Each structure stands twice: as C-alpha cells, then as structure tokens.
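**Q** Attaching a single structure in structure tokens format; questions to follow.
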Amino acid sequence: MNLQCSHWEPVERTVERIPVVIYMHGNASARVEVLPQLTVLLSLGVAVFAFDFAGSGKSVCNGPCAANWP
C-alpha cells in the first residue's frame with residue numbers, strides 16, 4: 001500500500017507551533033476535495049494535512065480495500 005498525501009502551512013506564522021486540520025475525504029473522492037477550504041483554513045493560521053485513502057485518488061491499494069470491493 002502506498003498512500004499519497006499533501007501538507008499546507010500558512011506563509012506567515014507568528015508562532016512556531018500551529019494547529020493542524022487532518023482532512024479525510026468522503027467516499028469515492030480524493031484529498032483534492034479540501035482545496036476549496038484551503039484559503040479559509042490557512043488564513044486562520046491553521047496547517048492542513050490531507051491524504052488519499054487506499055485505492056482513492058493517487059493512492060495505491062495492493063490488497064483488500066474499499067476501492068476493490070464489488
């Protein structure tokens with residue numbers, strides 16, 4: 001299994017440690033689903049981490065996963 005992920009941080013940070021949102025996409029979707037929300041989250045000073053579940057988006061699934069179910 002090989003999961004693909006993305007990580008965004010605000011350009012201007014006033015503190016070293018910032019909160020992070022871990023975005024998990026819906027069924028039959030991918031991590032790019034978070035793109036419309038990025039502007040708001042980053043402007044609030046929040047980092048965003050998103051990943052493609054196994055078999056979704058650009059992630060690979062070499063065994064049993066939801067994408068391989070009938």
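The values are calculated or read from the model by the stated rules, or taken from the named source; none is laboratory data. These figures come from a predicted structure and were not determined experimentally. In this analysis, Cβ positions are derived from the backbone assuming ideal geometry, glycine residues included, and neighbour counts consider all displayed protein chains. Surface areas here come from the heavy atoms of the whole protein model, side chains and all, with no ligands, DNA or RNA. Shrake-Rupley method; radii C 1.70, N 1.55, O 1.52, S 1.80 Å.
**Q** Between ARG13 and LEU35, 0.36 nm times their residue separation minus their Cα-Cα distance comes to what? Could you put the intermediate results ahead of the total?
**A** On the way: separation 22, 0.36 × 22 = 7.92 nm, distance 2.04 nm.
Length gained, ARG13 through LEU35: 5.9 nm.
**Q** Could I ask something else about it? Let me know the charge dipole size of segment 1-56 about its Cα centre in debye, to the nearest 20, where only the beta-carbon of Lys, Arg (+1) and Asp, Glu (-1) is charged. Can you show the working numbers first?
**A** Details: 3 positive and 5 negative charges, 12 e Å.
Dipole of segment 1-56, to the nearest 20 debye: 60 debye.
**Q** Also, I was wondering about something else. Lys and Arg at +1, Asp and Glu at -1: add these up for the other residues within a Cβ distance under 15 Å of VAL20 and post the number. Don't skip to the end; give the middle numbers.
**A** On the way: positive: ARG13, ARG17, ARG31; negative: GLU9, GLU16.
Its environment carries a net charge of +1.
**Q** Ignoring ligands, DNA and RNA, what percent of the accessible area of segment 1-44 is carbon or sulfur (1.4 Å)?
**A** Reported share for carbon and sulfur atoms: 57 percent.
**Q** Something else now. Can you give the net charge of the other residues whose Cβ lies under 15 Å from the Cβ of VAL46, counting K and R as +1 and D and E as -1? Show your work: numbers first, answer last.
**A** On the way: positive: ARG13, ARG17; negative: GLU9, GLU12, GLU16.
In short, -1.
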